[in-house]
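Trainee: Quick one: structure below, then a few questions.
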Amino acid sequence: MRPNAMSRALVTATAVLGLTAGGLGGVSFAATVPIARQQQSTASEIAPLAVVNLGLTTAEAKKVQCFLEYGWDYNGAIDGALGTESWKAMQRYLTRWGYEGEIDGIVGPGTVMALQRVLARAWDYTGPIDGIPGAGTKAAFKRFAETADVYC
């Protein structure tokens, strides 16, 4: 192969690879845009919701949501998935029991510690107030949920 023909073949191969990869030095191929959009929407459709039921079944979590709707400004669906809005309402409730963090719906150590304090008062939680939602915390939270059914 002559040097000039070899150079053209190399440039052509580089351009094809660049276009296949989605761009060559800022130049993009129009067919890659719908693919990128399709992948983005697919990813958002299958992304998991931020749900933290702490061991509760869907039925038990619905009871907690009824409790939160009754007096703690929860306006979301009673769907048994304790997501961000459910936990924001729970944090509002927990402010009565020492929760001093931001009402952000994140189930962090501060939220769990305040929940453990509540559970220790009336739902037989005897473990440490350590912000770790272990088996004892989850069992007491189940007892809490069972008593919350009066709000449904």
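The values are calculated or read from the model by the stated rules, or taken from the named source; none is laboratory data. These numbers were taken from a predicted model, which means no experiment stands behind them. Every residue, glycine as well, gets a Cβ built from its backbone with ideal geometry; the counts of neighbours run over all protein chains shown. Side chains are part of the model used for accessible areas, which takes the heavy atoms of the whole protein and leaves out ligands, DNA and RNA. Shrake-Rupley method; radii C 1.70, N 1.55, O 1.52, S 1.80 Å.
Trainee: Looking only at residues that are open to solvent by 60 Å² or more (accessible area, probe 1.4 Å) and within 21 Å of residue 142 (Cβ to Cβ) in region 60-76, which one is modelled with the lowest pLDDT? Walk me through how you get there before you give the answer.
Mentor: Taking region 60-76 as the starting set, the residues that turn out to be open to solvent by 60 Å² or more (accessible area, probe 1.4 Å) are 62, 69-70, 73, 75.
Filter once more, so that each one left must be within 21 Å of residue 142 (Cβ to Cβ): 62, 69-70.
On the way: 62: 96, 69: 94, 70: 90.
Applying the filter and picking the extreme gives 70.
Trainee: While we're looking at this one, here's another question. Looking at 19, 10, which is the one that is part of a helix (DSSP H, G or I), at pLDDT below 95 and open to solvent by 80 Å² or more (accessible area, probe 1.4 Å)?
Mentor: Working: 19 fails: open to solvent by 80 Å² or more (accessible area, probe 1.4 Å).
Result: 10 is the single residue among 19, 10 that is part of a helix (DSSP H, G or I), at pLDDT below 95 and open to solvent by 80 Å² or more (accessible area, probe 1.4 Å).
Trainee: Moving on to the next point. Among the listed residues 74, 125, 99, identify the single one that is touching a Ser or Thr at 6+ places or on another chain (Cβ under 7 Å), within 17 Å of residue 50 (Cβ to Cβ) and in a loop (DSSP other than H, G, I, E, B).
Mentor: Only one candidate passes the filter, namely 74.
Trainee: Hey, another quick one. Go through (1) in contact with a Cys (Cβ under 7 Å, 6 or more places away or on another chain); (2) in a helix (DSSP H, G or I); (3) closer than 18 Å to residue 50 by Cα one by one and return the number of the condition residue 66 breaks.
Mentor: Every listed condition holds for residue 66 apart from (3).
Trainee: Next up: Six or more apart or on different chains, Cβ atoms under 6 Å: show the pairs whose first residue is in region 126-143 and closer than 18 Å to residue 90 by Cα and whose second is aliphatic (A, V, I, L, M) and surrounded by 13 or more Cβ atoms within 10 Å (Cβ to Cβ).
Mentor: Partner pairs satisfying both residue conditions: 129/113; 131/112; 131/113; 133/54; 133/112; 138/54; 140/119; 141/54.
Trainee: Separate question: Quick one: how many residues across region 91-103 are of a type outside the set (Ser, Thr, Tyr) and either open to solvent by 50 Å² or more (accessible area, probe 1.4 Å) or in contact (Cβ under 8 Å) with a residue 40 or more places away in the chain (or both)?
Mentor: Looking only at region 91-103, we keep the residues that are of a type outside the set (Ser, Thr, Tyr), and these are 91-92, 94, 96-98, 100-103.
Within this subset, residues satisfying the condition of being either open to solvent by 50 Å² or more (accessible area, probe 1.4 Å) or in contact (Cβ under 8 Å) with a residue 40 or more places away in the chain (or both) are 92, 96-97, 100, 102-103.
Counting residues in region 91-103 that are of a type outside the set (Ser, Thr, Tyr) and either open to solvent by 50 Å² or more (accessible area, probe 1.4 Å) or in contact (Cβ under 8 Å) with a residue 40 or more places away in the chain (or both) gives 6.
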